[in-house]
Amino acid sequence: MCAVLIDAVRCLAGNTGGGRKRVHLATQARRWISAVDALWPYSFHNICTALDLDPRQVRTRLLSSAHTVRSVLERLEKHLLAS
């Protein structure tokens, strides 16, 4: 679950793919993060909950700006991958 979240944040930040693929991945990540879906086990909401993160707070930070996305990504990698 940690890897799924980090991958989505990397896609949102534009750190994956190139050209059109990068844009597509960022768009898909934004949609996944924005969706409110408590039924799908790997939804953004359920992953954040399983990782003891507040989905609303993380969503707000991720969707606010590119600078914030990079900051959140750094924190996630340090916090979650160190566990």
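The values are calculated or read from the model by the stated rules, or taken from the named source; none is laboratory data. These numbers come from a predicted model, not from an experiment. Quick reminder, even Gly has a Cβ in these numbers, built from the backbone with ideal geometry, and neighbours come from all protein chains shown.
Contact map, the stretch 56-79: first residue acidic (D, E), second residue assigned to a helix (DSSP H, G or I), Cβ cut-off under 7 Å, separation 6 or more or different chains; pairs are E77/I6.
Within the stretch 43-80, the residues that satisfy the criterion of being more than 18 Å from Q28 (Cβ to Cβ) and of a type in the set (V, I, T) are T49, T60, T68. Considering only the stretch 1-41, state which residues are more than 17 Å from S71 (Cα to Cα), over 12 Å from the mean Cα position of the chain (by Cα) and not hydrophobic (A, V, I, L, M, F, W, C). Within the stretch 1-41, G17, G18, G19, R20, K21, R22, H24, D37, P41 meet the criteria. In the condition set (1) out of contact with any Asp or Glu (no Cβ under 8 Å at 6 or more places or on another chain); (2) free of Cβ contacts under 8 Å to residues at least 24 places away in the same chain, R30 is compliant with all but (2). Please tell me if H45 is touching a Pro at 6+ places or on another chain (Cβ under 6 Å) and at pLDDT 80 or above. Against the criterion (touching a Pro at 6+ places or on another chain (Cβ under 6 Å) and at pLDDT 80 or above), H45 qualifies. Of the residues in the stretch 28-37, none is hydroxyl-bearing (S, T, Y) and either touching a Cys at 6+ places or on another chain (Cβ under 6 Å) or within 15 Å of A3 (Cβ to Cβ) (or both).
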